[in-house]
Amino acid sequence: MMTEEEIARLRALMEWEGERSAPPEGFPRLPDMPAARYTSPEYFALEQEHIFRKSWLFAGHIDEIPERGCYMRWNNAGDPIVIVHGMDGEVRAFYNTCRHRGAPVVTEDRGKSARLMCGYHNWTYKTDGTLVGVPERQDFPPDFDMSCRGLIPVRCEMLGNVIFVNFDDGAMPLTDWLGPLVEEWEEFAFDKVRLAARYSFDLNCNWKVAMEANMEVYHVPFIHPETVAPLVDPKRNLNTMYPNGHARMLAPPPRTTDREHVRAVDSPPEWQPIESVGEIGRTCTQSYTLFPNWVSPLSNYFVPPLVFWPTSLTTTRLELVTMALDWGDGPTPDLWTVPDENAPNGRQMSPIILEDTQFGEAIQQSMQSAAFRSVPLSYQEARIYSFHQSCDRMIGIENVPEQFRVAQVIGDEWVWPHDPRVRQMEAAAQQGREAAE
Ligand code: FES
Ligand SMILES: [Fe+2]
């Protein structure tokens, strides 16, 4: 829970951001980012190999495999995976690859079974991955060791009800990866929210193009005049960078917006509020980037991540997820999609998401044209720059060819728990007091 002092400091910092007439003192000038980061197959291959193989990735919600024996297929990061709610209660992930001749062990998106059986020759595995059944076992050599032919595990850990996977056996535990967010997110009840909606849409742009539309508020007055602008004052936006590439934006509503309007747009009253959410989460808009591909506003009504999956250099699958407290018999909460009979899955992206995604395909085409050379970013877009720094660090800076690199100009002194803005704000307040005396 945030203390009164922390709340007061965040509020003061937002005001200070609104007042300043230049970027904070000492904040680095952000060099242009090379265009090739969005268009080079070579850089894309590095992202795939390092970022998506070594980061903790959102995989799903326990509601998708609620009981022992339930399983779900998961292919969003390329390799076919099965996530299993074990007969012992543990949630595990495995490559969905039979250790015999590679057939899929699970062939439906969801199912339930006390054993997993490959349909090709009926090799059978326990829900903990152990191989327990091989038909015509006598035709394999006598020393054929079944104990070393279990399903190959993929790291799988949970934050409350939310399932994450990591392809890197040596990765740090999920809670270390999340760092300060574990505590900061306690109030959002990850252990209580249920999965209300999960739909995906294919976009014709690089995953970073799609994601970056949700990583700054500079665009809010221009592309969201009716939808987001009444909720977010971009001038008083406060960005905070966290270790491991995560970040937060935090902004109050514009002074001109009345509370009723905010409620009507942001928090339909029939949805069950998350009572543990404190003052900041109830009255401001905050949105977190969870490196590498999750962006989620968190409020006293929803945990609604947008998750961006590269399907190729120039295409992205966008998952629109809404998690909320149990909605009983009421309407199912869905922040991001609306019914649409003609859409393939019966849903369409909501107006806000349509606004955010509208330029993606054209941007991608421009980026691949001769006109697009590099990307200059403002202080308000520093979350994007810092995200790119984290991408290169995850890849390993020495592995990134020089023409693709971003310079690591945002140093740790700007990363949580450090924040030079606090001292500058306090100094300004002190000067103000002295001037008044
Ligand atoms: S490939 Fe699975 S049993 Fe043969
Ligand atoms: Fe937006």
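A short reminder: the numbers here are calculations on the coordinates, not readings from a lab. Just so we're clear, the structure is a prediction, and the values are computed from it rather than from any experiment. Cβ placement follows ideal geometry from the backbone for every residue including glycine, while neighbour counts extend to all protein chains displayed.
Shown for the chain: cysteine residues without a partner Cβ closer than 4.7 Å, namely 70, 148, 156, 205, 284, 391. Calculated on C-alpha atoms, the gyration radius of the chain divided by its Kirkwood radius gives an Rg/Rh of 1.00.
Please give the contour-minus-distance gain from residue 5 to residue 143: 0.36 nm per residue of separation, less the Cα-Cα distance, rounded to one decimal in nm.
On the way: separation 138, 0.36 × 138 = 49.68 nm, distance 6.65 nm.
Value of the extension gain: 43.0 nm.
Take the Cβ atoms of residue 168 and residue 272, set R0 to 41 Å, and the FRET efficiency comes out at 0.65.
Counting Lys and Arg as +1 and Asp and Glu as -1, each charge on the Cβ, what is the dipole of the stretch 57-159 about the Cα centre in debye, to the nearest 20?
Details: 12 positive and 14 negative charges, 25 e Å.
Dipole about the Cα centre, nearest 20: 120 debye.
Quarter the surface of the alpha carbon convex hull of the stretch 57-159 and you get the mean projected area, 6.5 square nanometres. When the chain is treated as a GNM with alpha-carbon contacts under 10 Å, the residue of 92, 155, 255 showing the greatest mean-square fluctuation is 255.
Comparing 104, 141, 401 in a Gaussian network model of the chain, where Cα atoms under 10 Å apart are tied by springs, the biggest mean-square fluctuation is seen for 141. Taking 0.36 nm per residue of separation and subtracting the Cα-Cα distance, full extension of the segment from residue 371 to residue 121 would add 84.4 nm. You can think of it this way: the chain between residue 101 and residue 183 has 25.1 nm of extra reach, that is 0.36 nm per residue less the Cα-Cα gap. Considering the chain as a Gaussian network with a 10 Å cut-off on Cα pairs, which listed residue, 186, 25, 47, attains the greatest mean-square fluctuation? Top of the fluctuation ranking is 25. The angle between the Cα long axis of helix 382-395 and the longest principal axis of the Cα atoms of the chain comes to about 30 degrees, rounded to the nearest 10.
For the pair residue 341 and residue 49, label points projected 7 Å from Cα toward Cβ lie 5.1 nm apart.
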